[in-house]
Structures are given as structure tokens and as C-alpha cells.
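The structure appears right after this line, and notes come after that.
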């Protein structure tokens, strides 16, 4: 019997997925583990592998179809099976039809209409009008002495449907000049746009910046690089050390590791550090869970695995959700400082600038030191500038005195 290929559930929060590309076509021989199609969710694009070997018999979900978790995507045939063994299923069966926003009633408001008793209207017409929120003041009754009848109300309802069914009048787009391109947003880019607007509109952002001397931390990294490479076959990065430091500081400053929820503040029970990672479509935030309880080598190993998975489109939803605080490093682009938008529902994000050698005063002498700016974006509903400053001071102390990490 033909085997059903269904939409996989890549995480606890996943409800549906969009078919972005089929890597195989009907009639192709497929081996277990080969990429069958490319799936896009709100947060990640994922290469879906064939669960078994066989022949791709019939594709049900086409490119750009939205399919609920568990929904039918395709049928796989085994040797000896025929296309006639596949049940008669129309293409696109099970594909989600996106719900349209309900038409706004002609009254222009959502408040339930109550028809005054003095209005001349039959009891049945009154009930129909109230149930459908029809403004009877706009209806010319056809009954005796202008009394509104059932037919009058039904006609008004149909006319309203006709009006609301018309496509909305939109502003004509600006004319394209030679060389202009219109690039449709991917699902990921739409999600980023929506979440960033929501974050900036709902969270009162406040920014503070501190300058740190990275000489001691970089010296420690250089000493540890060969040891970590020998033990874990991974090159230790500055980001790994920063995750370790930030996790320790978050453990000591719980209001930075928190979220605003209505009329309360939620202090997260875990320190899950997210790392903003660039991919072709935008930014993905893989999560190093309970980073405060991990060794530096464990952090480096998990970081390397997560970044590779994200860039190869193999990260699960669990691996890119659940962060309680995010680090975004743009220093490699020569950016000295900036202000990042908070990744909801978190209350803070740390932007790491580039390291620049500059003259500073040490013990009354001018010396050249590698200096770096750290900018903390704060949700001012959760904590204020003083709490943020203390957190940054602790991060600075640990960067400039990394031996404190063992205390």
C-alpha cells in the first residue's frame, strides 16, 4: 500500500509549514535520507529528508501550499506498487486555507446593535437584523406605512456582502524605474518584520553602552585554543567566552533575565542565551540552554553545532526558541556601537561592537589597548538604567578579569 508522507512536527509550537521547494518530482526514485522537499516555518527553513526509500508517486501539497502538522504532503510507492494503488486524493487536499478577516459591518463599529422599540419592523425582521448587526436606519421598509419586513433585512445583508466582497482600494505603487526590483518577503522575513515592530511598539527601549578592555580575555582565549581543539576538535571563539561571562552575570542579575507579562514580571528559572545568527533570509537565534551551568568547552561545542545546523537549515524549533537573553555580535563588520531591538519576550539584548586598538590611560600612562563597546538594550518596564548599568559593570569586570570566572 502506498505510504503517506505527512507534514512533520519540528517543534512543540509548530502548527503548520509551507512547502517552498520540491527536490524530487513525481516518478523519481528516492533513497532514505535524501532531501525530499524544503519546508519553511515562521522561524526556520528546513530540508526534509525521505523517511524511507521508494518512488515518489504523487505530490499532494504544491509549492507555497500551507499544510498543517500531520497533513498529507505526498505518497511514496514501494517496488511493485502502482499509481493506481494511491487513493483518489485531489492535489492540495488538506492544505490550509488562510482565513480572511471578517467584513466590517456597515455600522462601522463592532458594538452589537439593539433596535429601538419604536422602529416600525416586524418581529422576525428585528431578530434577523439584530443577529446580523444590521443598521435598520439605512433600510427603506416595503411593508404597510414603511414597515420593515424580513425581505428588506435579507436584501440589506446581501447588499452588504456584495460591497465587502469588492477588493479594497489600495494606493497605486510607485512606478518602477529601470533596474528596480520587487522582492517578496519570505515567511522568515515577514516574521522578523512583525516581531520587530511588535517589540519596538510594545517595549519602551532604553540603551546604555560601556567600553571594555579585551586584552586579558583575548590572552586567555589564545592560551585555551589548542587545549579546546585537542579535546573537542573545536576552535574556541570570543563569542564562547562572552556567552560564559554573560550567563554568569545574568545569574547574578535576575531582572535582566526576565520578561514583562501583563501586570507582572516573570523571572526566568533558566539562563538560556540566544545568539543572533545571520542566514540568507535574515536572522535566526539558536539557543544555548542553561549556559550558566555549562563549561566553556560545552558552550563552544554547542555553539558550533547550533550555528552549523542553522546555516544548513537543519535546526529544530526547540533549538531556536526559548532564549531568555540574546547576544548579537556585529563587530566583525567594523561596527563600533549601535542599538539592537529586543527579541521578545526577553527584556534585554546585548550588542557587541568591534574591537579597536586605541590610546587609553593606565596607571597615569597612555597605552594602546584593544577596546570594545557593549550596548545593552533594556525593556524599561522590567528594569531601569541602574540595574542595567550594574549588569554591564559585572560583564566588564569579568571580561577584564577573566580569572573571576572560576570564583
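The values are calculated or read from the model by the stated rules, or taken from the named source; none is laboratory data. Please read all numbers here as calculations on a predicted model, not as lab measurements. Backbone-built Cβ (ideal geometry, glycine too); neighbour counts: all protein chains shown.
With respect to residue 335, is the statement that it is assigned to a strand (DSSP E or B) and free of Cβ contacts under 8 Å to residues at least 24 places away in the same chain true? No; evaluated as a whole, the condition is false for this residue.
Checked against the criterion of being in a loop (DSSP other than H, G, I, E, B) and touching a strand residue (DSSP E or B) at 6+ places or on another chain (Cβ under 9 Å), the candidates 346, 319 yield just one match: 346. The condition of being assigned to a strand (DSSP E or B) and surrounded by fewer than 19 Cβ atoms within 10 Å (Cβ to Cβ) holds for only one of 24, 9, 20, that being 20.
Among the residues examined, residue 269 does not qualify as assigned by TED's automatic domain parsing to the domain that holds residue 385, more than 19 Å from residue 44 (Cα to Cα) and touching a strand residue (DSSP E or B) at 6+ places or on another chain (Cβ under 8 Å).
The condition of being exposed (fewer than 14 other Cβ atoms within 10 Å of the Cβ), assigned by TED's automatic domain parsing to the domain that holds residue 326, touching a residue at least 12 places away in the same chain (Cβ under 8 Å) and more than 22 Å from residue 283 (Cα to Cα) holds for only one of 261, 245, 234, that being 261. Filtering segment 294-307 for residues that are assigned by TED's automatic domain parsing to the domain that holds residue 388 and either within 18 Å of residue 198 (Cβ to Cβ) or not in a helix (DSSP H, G or I) (or both) leaves a non-empty set.
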